[in-house]
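Scroll down for the structure; my scribbles are underneath it.
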Amino acid sequence: MAKKRETKYIFVTGGVLSSLGKGIAAASIATLLKNAGLKVSILKADPYINVDPGTMSPLEHGEVFVTDDGAETDLDLGHYERFLDESLSQNNNFTTGRVYSSVIEKERRGDYLGKTIQVIPHIVNEIVERIKKAGEGNDVLIVEIGGTVGDIEGLPFLEAIRAMRVELDKHHTMNVHLTLVPYIKAAGELKTKPTQHSVGELRRIGITPDMIICRSEMPLNRELKDKIAASCGVEKNCVIESYDSASIYQIPLLFLKQDILTPISEVLNLGELKVDMSNWDRLVKRVIAPTKEVKIAFVGKYVDLKESYKSLTEGLIHAGANLDTKVDIKWCDSERIDSENVEDTLKDVDGILVAGGFGSRGVDGKMQAIKFARERKIPYLGICLGMQLCVIEFARNVLGLKDANSIEFNENCKDPVIYLIDTFIDTNGKKQIRTYQSPLGGTMRLGAYDCNVKENSLLSTVYNGAKKIKERHRHRYEANPKYREELEKQGLLVSGESNGLIEVVELKDHPFFLGVQFHPEFTSRLTSPNPAILGFIDASLKHAR
Ligand code: GLN
């Protein structure tokens, strides 16, 4: 039997304020360690009370990221996957709400044998167990603690990492603290005081940082770094700067330049760590200074809140980097597009992208954009709702089914070309019940499913001739098979199927028109861009020429 790996843990906390890029810092360290040949995984522990982010509005919390196993997770997990090029699972993200619900469940079951259940030890132990579970089978687990040190709700998580430091042998845990070093314009100076206070707060609860990562607008000089080392009690080579960069993908390289792996290896006793980031470096150069450019219309209803499309905008960057192309996004608010202005809005773009979404707001504008792409033969990629809407648009304007709709928008429409996922009408008009049980319950179809690819289709070309692909889902509704024959007869072909469900549609006689029920963006990584997005950008480039 193979020797069980002894997992070592790097805990990443954040101080001073939120949005400093803790997730990126954690993912960057993970990337470097993986590149050094270690088996690395990463976990986000979120102190908020929601059981998972699945029900949170994108306006509140940015995108909901979906894993292969159908977990609806924090968007930081997306960064982890994109950096680490590994698929994570529901074990890689948990919240206070999940911790409490499982402790309460155990209490109801009598597992605690009549004991009084308390934050210490029961909640903290549950957190520790979950951290260890995520670490199983890895050399190193990076654990990012959400929120900012000093938040009341974060205390049990910090207590858990304090307790793990005590419990585990020497060289098995490392504390990395990310803080802000603000630049005060009037004084013309970078200030270290917030960092000192934040570290003071950490020490007060019994946590000593081994490394400080300083987020700042500009590079720190040696003197300032030494001052932070002295005032915070860390080694000089353990003060790492993370200044504003043109691309988040530069951060691992910035860390590497500061030789971050040497102190990490010293603290965790990992031996000599050699990395080769040359491929990464090559791609980053193409992110920052590509030689070509395409303009893509991104049609959505959250254009003021781009965080809610994070994976997709990153997916466009990955495709661009791999094609040495800058993807210039023209954000188009779907609520503002109508038949009058659609031409003006979209006449200067090389490709049109309609992203996923829920609810009827902005749907008409999206269909105007789709009609424009279809008729003017502009490369089109429709994702999830963007696929469903191209079926509706085609049914209305080509098949002449004026009342075609999704029952999401009109439950009683005459032609429900998009139908509810767990109550299908089969081709005989009989009701058929199929229920998708996501691992976390609920009625959404979540996570990765196989999709059979039709030979000689655009989908097949895009996926390099693959017969079967696997992509992730997050939706309730499906294209109704009752209309399939008629749609195909008129030129909207079904090129991808999953267990009889219509997964992909594409237009005959169009340079690139693809509607996918899945979310290709969830599997796109810098080093392996998603084929559907890559194909779309490639087609848009050709269109531009
Ligand atoms: N609202 C649609 C559905 O539930 C599409 C969802 C999406 O785009 N993610 O099926």
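The values are calculated or read from the model by the stated rules, or taken from the named source; none is laboratory data. The structure displayed is predicted, hence computed values, not measured ones. A quick note on method: Cβ atoms are made from the backbone with ideal geometry, for glycine too, and the neighbour counts reach across all protein chains shown. Note: areas computed on protein heavy atoms with side chains; ligands, DNA, RNA excluded. Shrake-Rupley method; radii C 1.70, N 1.55, O 1.52, S 1.80 Å.
Restricting attention to the range 161-188, the residues being in contact with a strand residue (DSSP E or B) (Cβ under 9 Å, 6 or more places away or on another chain), more than 30 Å from Lys132 (Cβ to Cβ) and in a loop (DSSP other than H, G, I, E, B) number 2.
Scanning the range 350-359 finds one or more residues that are open to solvent by less than 70 Å² (accessible area, probe 1.4 Å), over 21 Å from Pro520 (Cβ atoms) and under 24 Å from the mean Cα position of the chain (by Cα). Can you tell me which residue within the range 457-482, out of those that are within 16 Å of the ligand (Cβ to nearest atom) and open to solvent by less than 20 Å² (accessible area, probe 1.4 Å), is farthest from Pro529 (Cα to Cα)? Top of the filtered list is Asn480.
When we screen Leu256, Leu273, Leu283 for residues that are in a loop (DSSP other than H, G, I, E, B) and in contact with a helix residue (DSSP H, G or I) (Cβ under 7 Å, 6 or more places away or on another chain), the only hit is Leu273. So, Cys451, is that one modelled with pLDDT of 90 or more, within 22 Å of Thr523 (Cα to Cα) and within 12 Å of the ligand (Cβ to nearest atom) or not? Judged against the criteria, Cys451 is not a match. Which of the residues belonging to the range 288-316 are over 23 Å from Val40 (Cβ atoms), open to solvent by 30 Å² or more (accessible area, probe 1.4 Å), out of contact with any Pro (no Cβ under 9 Å at 6 or more places or on another chain) and assigned to a helix (DSSP H, G or I)? Hits for the range 288-316 are Ile288, Lys306. Restricting attention to the range 409-418, does a residue exist that is more than 10 Å from the ligand (Cβ to nearest atom), within 19 Å of Glu506 (Cβ to Cβ), open to solvent by 40 Å² or more (accessible area, probe 1.4 Å) and free of Cβ contacts under 8 Å to residues at least 60 places away in the same chain? No, the range 409-418 contains no residue that is more than 10 Å from the ligand (Cβ to nearest atom), within 19 Å of Glu506 (Cβ to Cβ), open to solvent by 40 Å² or more (accessible area, probe 1.4 Å) and free of Cβ contacts under 8 Å to residues at least 60 places away in the same chain. Within the range 262-287, the set of residues being among the aliphatic types (A, V, I, L, M) and open to solvent by 10 Å² or more (accessible area, probe 1.4 Å) comprises Val267, Leu270, Leu273, Val275, Met277, Val287. Residues that are in contact with a Leu (Cβ under 9 Å, 6 or more places away or on another chain) and either within 16 Å of the ligand (Cβ to nearest atom) or not in a helix (DSSP H, G or I) (or both) within the range 484-501 comprise Gln490, Gly491, Leu492, Leu493, Val494, Ser495, Gly496, listed in sequence order. Taking each residue of the range 349-369 that is under 15 Å from Asn410 (Cβ atoms) and looking for partners that are assigned to a helix (DSSP H, G or I) and at pLDDT 95 or above with beta-carbon atoms closer than 6 Å, six or more apart or interchain, yields Met367/Leu389; Met367/Glu393. Counting only residues that are at pLDDT 95 or above and in contact with a Leu (Cβ under 6 Å, 6 or more places away or on another chain), the range 334-369 holds 3 of them.
Exactly one residue out of Arg396, Arg361 is outside any strand (DSSP E or B), away from the ligand (no atom under 15 Å from the Cβ) and on the phi < 0 side of the Ramachandran plot, and it is Arg396.
One residue stands out among those in the range 189-219 that are within 19 Å of Ile24 (Cα to Cα) and in a loop (DSSP other than H, G, I, E, B): the one that is most open to solvent (accessible area, probe 1.4 Å), which is Glu217.
Looking across the range 330-351, the residues that are more than 13 Å from Ala373 (Cα to Cα) and basic (Lys, Arg) come down to Lys330, Arg336. A single entry from Thr173, Thr192, Thr179 fulfils the requirement of being touching a residue at least 24 places away in the same chain (Cβ under 8 Å) and more than 20 Å from Asp46 (Cα to Cα): Thr192. Scanning the range 15-66 for residues that are of a type in the set (S, T, N, Q) and at pLDDT 95 or above gives Ser28, Thr31, Asn35, Ser41.
The residues of the range 373-388 that are in contact (Cβ under 8 Å) with a residue 40 or more places away in the chain, assigned to a helix (DSSP H, G or I) and more than 16 Å from the ligand (Cβ to nearest atom), listed by number, are Ala373, Arg374.
Do we find that Ser41 is open to solvent by 40 Å² or more (accessible area, probe 1.4 Å) and either over 15 Å from the mean Cα position of the chain (by Cα) or free of Cβ contacts under 8 Å to residues at least 40 places away in the same chain (or both) in this structure? Taking the combined requirement at face value, the residue does not satisfy it. Tyr112 falls short on exactly one of the conditions (1) closer than 30 Å to Arg204 by Cβ; (2) touching a His at 6+ places or on another chain (Cβ under 8 Å), and that condition is (1).
For the range 79-97: of the residues being touching a Lys or Arg at 6+ places or on another chain (Cβ under 6 Å) and over 14 Å from Ala134 (Cβ atoms), which is surrounded by the fewest Cβ atoms within 10 Å (Cβ to Cβ)? Filtering the range 79-97 for residues that are touching a Lys or Arg at 6+ places or on another chain (Cβ under 6 Å) and over 14 Å from Ala134 (Cβ atoms), the one surrounded by the fewest Cβ atoms within 10 Å (Cβ to Cβ) comes out as Asp85.
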